[in-house]
Amino acid sequence: MHALLVIDMLNDFLLPEGKLYVGSAGRNIISFIRDRIKECRKTGGKVVYICDSHRNDDAEFAMFPPHCLQGTAGSQVVDELAPSQEDILIVKRRYSAFFATDLDPTLRELGLTHLVLTGVCTNICVLYTAADARNLGYQVTVFREGVASFSTEAHSFALGEMGQVLGVTVK
């Protein structure tokens, strides 16, 4: 059994009025991810939403504009990918979905060893989640059509790093 991680598919990243809008590349992966979610649920996998969630004084705002503030509409999953009751939501404050969260124990309790990563941004949260997953011994797959970033160059670089350095299966 596998887990489908839906990383940061949140209003602040995916809506044009969002605080850190990824652009059309982010919007373009929504239907692909929606199809993977349906497929995962149908085959008995687990859908895990990874959600950026920051305090007003978060240190990350020294590098990026304030975004995904706790309790705001910007920190919510886009309507097109709304979680269901059986899905898992993990909130994070840093790039990796594993850093200072309960993602790893949750996955291990469910016996999940294969992760499929989707979402934004390929070169930031997806890449660092993939790195930590591999360091923790998970098998990882990333679909090119299921991830996006602000920059096509950074997106391509991150996919190369995941495949060539981390041993991620990039499809």
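No lab work stands behind these numbers, since they all come straight from the coordinates. None of these values were measured; they are calculated from a predicted model. No Cβ is skipped: glycine too gets one built from the backbone with ideal geometry, and neighbour counts run over all protein chains shown.
Sort out the exposed loop GluC sites (Glu not before Pro) in the chain (DSSP loop, at most 14 other Cβ within 10 Å) and tell me the longest stretch that has none. Can you show the working numbers first?
Details: sites that count: Glu17, Glu86.
Here the longest run is 87-171.
Each Lys or Arg adds one and each Asp or Glu subtracts one; over the other residues with Cβ under 15 Å from the Cβ of Thr43, this totals +1. The ranking of Val6, Val170 by Cβ neighbour count inside 10 Å, starting from the fewest, reads Val170, Val6.
Modelled spin labels at Ser31 and Arg93, positioned 7 Å past Cα toward Cβ, are 3.9 nm from each other. Counting Lys and Arg as +1 and Asp and Glu as -1 over every other residue whose Cβ lies under 14 Å from the Cβ of Thr72, the net charge comes to -2. Taking a Cβ cut-off of under 11 Å around Val116, the surrounding Lys, Arg, Asp and Glu residues balance to a net charge of +2, with basic ones at +1 and acidic ones at -1.
Sorting Thr169, Thr118 on the 10 Å Cβ count, fewest up front, what's the list?
Numbers: Thr169 13, Thr118 26.
Listing Thr169, Thr118 from fewest to most nearby Cβ atoms yields Thr169, Thr118.
A Förster radius of 25 Å, combined with the Cβ-Cβ distance separating Thr152 from Phe64, puts the computed FRET efficiency at roughly 0.80.
Give me the percent relative contact order of the chain, please, defined on Cα pairs under 8 angstrom at least 6 residues apart.
Over the chain, the number comes to 27 percent.
Between the residues Gly146, Cys68, Ile90, the greatest Cα displacement towards the positive end of the dipole of the chain, with unit charges on the Cβ of Lys, Arg, Asp and Glu, is found for Gly146.
Structure note, pairs Lys19/Lys42; Lys42/Lys171; Lys19/Lys171: Cα-Cα distances above 25 angstrom occur for Lys19/Lys42; Lys19/Lys171.
On the principal axes of its alpha carbon atoms, the chain extends 36, 36, 30 Å, with the longest extent given first.
Counting helices only, and only those DSSP H runs with n ≥ 4, report the 222 nm mean residue ellipticity of the chain as the sum of -39,500 (n - 2.57) divided by its residues, in deg cm²/dmol to the nearest 500. Numbers along the way, then the final one.
Numbers: 6 runs with 51 residues, N = 171.
Only helices count here, giving -8000 deg cm²/dmol.
The slack in the chain from Asp57 to Asn135, taken as 0.36 nm per residue of separation less the alpha-carbon distance, amounts to 25.1 nm. Note: the range 97-171, Cα convex hull, 76 Å³ per residue.
Placing unit charges on the Cβ atoms only, positive for Lys and Arg and negative for Asp and Glu, gives the chain a dipole magnitude near 400 debye about its Cα centre.
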